[in-house]
Amino acid sequence: MEFINKISMKRRSRSAKVYEKNLVAVIGKHVFGNLYDIDEKILKDIKMIRDTVIEAARIGNLHIIEIMEKQFNVQNSPDLGGVSMIALIEESHISLHTWPESRYATVDIYSCGGGSNPGLAFDYIVSVMKPKSYKVFTADRGTQNGQEDNRVFNQLD
């Protein structure tokens, strides 16, 4: 899929009141999805999730600036709850949120880097989280007529 759209147009900038032409290419690759029926222990393991996000970034040629993370408690229970992890990357972000009580997680990877591959990063996260099924969506965030490639996967081995 082509993610690069060479934009060459004139437009008036409202803030600077100047004309711009030959704008730089906009590159936007967005891969996001829902992971179903995951082992609860995986969904509560903040260290494993952090390590997974770090390795996914490496595999997808994404460069981490900072990671923010939060582990929640399950309502009315002393057990650890779900995890929210957001990695600010030079190219944009990676986020992963888990709900152990629902055996569910969401993953969102957005990159505006031409040499990056958020799809590889997403696939790595899926391989570690081991959902029984998942849905993945992609969006071309760099063109006016972006094409979406939505895929559904079930019964992973």
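The values are calculated or read from the model by the stated rules, or taken from the named source; none is laboratory data. Note that the coordinates shown come from a computational prediction; the quantities given were computed from them, not determined experimentally. Here Cβ is always computed from backbone atoms with ideal geometry, including for glycine, and neighbour counts include all displayed protein chains.
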| region 49-88, residues that are touching a residue at least 60 places away in the same chain (Cβ under 8 Å), among the hydrophobic types (A, V, I, L, M, F, W, C) and within 15 Å of Val107 (Cα to Cα) | Val53, Ala56, Ala57
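With Ile65, Ile49, Ile86 as the choices, which residue is hydrophobic (A, V, I, L, M, F, W, C), within 11 Å of Ile125 (Cα to Cα) and not in a loop (DSSP other than H, G, I, E, B)?
Step by step, each of Ile65, Ile49, Ile86 is checked, and only Ile49 is hydrophobic (A, V, I, L, M, F, W, C), within 11 Å of Ile125 (Cα to Cα) and not in a loop (DSSP other than H, G, I, E, B).
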| Across region 106-147, which residue is surrounded by the most Cβ atoms within 10 Å (Cβ to Cβ) among those that are farther than 24 Å from Leu88 by Cα and at pLDDT below 70? | Gly146
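Looking at the structure I just gave you, is Ile94 closer than 15 Å to Val126 by Cα, at pLDDT 95 or above and assigned to a loop (DSSP other than H, G, I, E, B)?
It is false that Ile94 is closer than 15 Å to Val126 by Cα, at pLDDT 95 or above and assigned to a loop (DSSP other than H, G, I, E, B).
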